[in-house]
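What follows is a short report on a single structure.
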Amino acid sequence: MTTSRPDSVVRAPLDRLLAQVERQVSRRIEATVAAEGLTVDQWRVLHLLADGSGRTMSAIAAAIAVPGPTLTKVVDRLVDVASVYRLPDVQDRRRVLVFLSDGGRATHDRLVGPVCAVEAEVLGILGPEAALLLDLLDRLAART
């Protein structure tokens, strides 16, 4: 489905626009985090866990939008390089929580500035409208 804009320019469908922007931004972030040997998905896990909270695998998968089997490989690799570790949940021993290690925190701290700079550069294209875009995307993400 396409929508017409007042200036008669045909806009691409929402899914295509979102996918195109996600790919472009992810490629730029990937180039930044590759310096530390990470993929974008690995970076997303580190960044999510940087608040110090342990998360279940299902919570991480939902937050970074990857399927469970893919996330298992991502977290296994991060465990292998001692960036994260798994512990049983003390409130429910059937669940496993993933935490950021000290090494993972150091990696995150080295990369967060450069990654934020990439995001700021991309958002800078929009000028003051960038904040509105982020608010609207937050609303969409919360409702879908």
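The values are calculated or read from the model by the stated rules, or taken from the named source; none is laboratory data. Note that the structure is a prediction, hence the values are computed from the model and not measured. Every residue, glycine as well, gets a Cβ built from its backbone with ideal geometry; the counts of neighbours run over all protein chains shown.
Quick one: which of G127, G104 is among the small types (G, A, S) and surrounded by 11 or more Cβ atoms within 10 Å (Cβ to Cβ)? I'd like the intermediate steps shown before the answer.
Numbers: G127 fails: surrounded by 11 or more Cβ atoms within 10 Å (Cβ to Cβ).
Residue meeting the stated conditions: G104.
For the range 105-144, which residues satisfy the criterion of being modelled with pLDDT under 95 and of a type in the set (S, T, Y)? Passing the criteria: only T144. Applying a threshold of 9 Å to beta carbon distances and a minimum spacing of six or more residues, or different chains, the list of pairs starting in the range 123-144 at a residue that is of a type in the set (V, I, T) and ending at one that is modelled with pLDDT of 95 or more and loosely packed, with under 10 Cβ neighbours inside 10 Å is empty.
Take T56 and tell me if it is in contact with a Lys or Arg (Cβ under 7 Å, 6 or more places away or on another chain) and either surrounded by 12 or more Cβ atoms within 10 Å (Cβ to Cβ) or among the basic types (K, R) (or both). Judged against the criteria, T56 is a match.
When L46, L17 are screened for being closer than 22 Å to L134 by Cα and at pLDDT below 95, only L17 passes. Give the number of residues within the range 82-103 that are modelled with pLDDT of 95 or more, under 17 Å from T72 (Cβ atoms) and in contact with a helix residue (DSSP H, G or I) (Cβ under 8 Å, 6 or more places away or on another chain). Selection size over the range 82-103: 6. Show the residue pairs meeting these rules: Cβ distance below 7 Å; 6+ apart or different chains; first residue within the range 76-90 and without any contact (Cβ under 8 Å) to a residue 24 or more places away in the chain; second residue outside any strand (DSSP E or B) and surrounded by 17 or more Cβ atoms within 10 Å (Cβ to Cβ). Filtered contacts from the range 76-90: A82/S101; Y85/S101.
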